[in-house]
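Bear in mind that the values in this text are calculations on the coordinates, not laboratory data. Just so it is clear, the structure is predicted and the values come from calculations on it, not from any experiment. Cβ: placed from backbone, ideal geometry, glycine included. Neighbour counts: every protein chain shown.
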Amino acid sequence: MLDHLKANNRAWAKQKIATDANFFNRLERQQAPEYLWIGCSDSRVPANDIVGLDPGELFVHRNVANMAPPQDANYLSVLQFAVDVLKVKHIMVVGHYGCGGVSAAVDGKRRGLVDHWLHPIRELYRECSAELEAISDGHARLDRLCELNVIRQMRNVASDVFVQEAWARGQSLCVHGWVYSLANGLVKDLNVTATGPE
Ligand code: CO
């Protein structure tokens with residue numbers, strides 16, 4: 001089963017070795033990425049491809065609607081490993097316009113477990129309702145909510161104890177908020193980068 005995927009895999013590995021004979025040997029010995037990507041699970045937002053990075057260059061955490069919930073053990077484990085062990089220099093929280101998770105958070109329909117996962121986005125909508133409800137176009141309103149969610153999650157990362165401790169010991173670390181556009185493949189920097197506790 002899935003023979004086409006296995007064939008793709010063999011072709012991919014062969015092509016990697018053709019351009020760099022030691023590629024896998026090198027990766028096997030060490031992983032030293034400079035970046036942690038926290039993004040959405042959406043299949044249209046492939047982290048490495050978007051920023052043109054090879055295996056070994058990007059540490060990746062993805063979940064529905066690119067969340068960084070301060071009590072989520074999965075996200076926290078990734079964050080601590082990235083900051084304390086890999087000592088990444090940059091963390092990018094990357095949302096995307098047209099995010100189904102962000103949309104599902106506020107469309108009023110019941111879906112089950114994911115409603116709990118997306119609860120912080122519903123709260124965020126309430127907090128920012130004056131700004132959001134001033135936007136008459138529904139798609140534009142959701143796109144703004146995608147941006148606001150990135151900023152909120154990016155603040156969760158920057159205010160986390162692991163990141164605060166890294167800054168306190170003088171470690172160089174920047175936390176960025178980006179939004180990716182499915183329409184043109186481009187990333188927009190929301191210019192909310194945090195480089196220290198201030
Ligand atoms: Co999404």
Among 141, 29, 110, which one shows the highest mean-square fluctuation when the chain is modelled as a Gaussian network with alpha-carbon springs under 10 Å? 29
Could you tell me what percent of the DSSP beta bridges with both partners in the chain are antiparallel, to the nearest 5? 20
Just grab the label-to-label distance for residue 172 and residue 134, each label 7 Å out from Cα along the Cβ direction, in nm (one decimal). 3.9
For residue 184 and residue 76, FRET efficiency with R0 = 45 Å and r from the beta-carbon atoms, rounded to 0.05? 0.85
Here the gain from full extension of residue 48 to residue 28, 0.36 nm per residue of separation minus their alpha-carbon distance, amounts to 5.4 nm
Charge dipole (the stretch 32-189, unit charges on Cβ, about Cα centre) - positive-most of 172, 90, 60: 60
Please compute the net charge surrounding residue 125, taking Lys and Arg as +1 and Asp and Glu as -1 over other residues with Cβ under 14 Å from its Cβ. -3
Can you tell me the 0 to 90 degree angle between the C-alpha axis of helix 138-158 and the longest principal axis of the chain, rounded to 10? 60
³J(HN,Hα) across the stretch 94-104 via Karplus (A = 6.51, B = -1.76, C = 1.60, θ = phi - 60°), whole Hz, x for Gly/Pro? 10, x, 8, 5, x, 5, x, x, 5, 4, 5
GNM of the chain, Cα pairs under 10 angstrom: of 95, 56, 112, the biggest fluctuation goes to 112
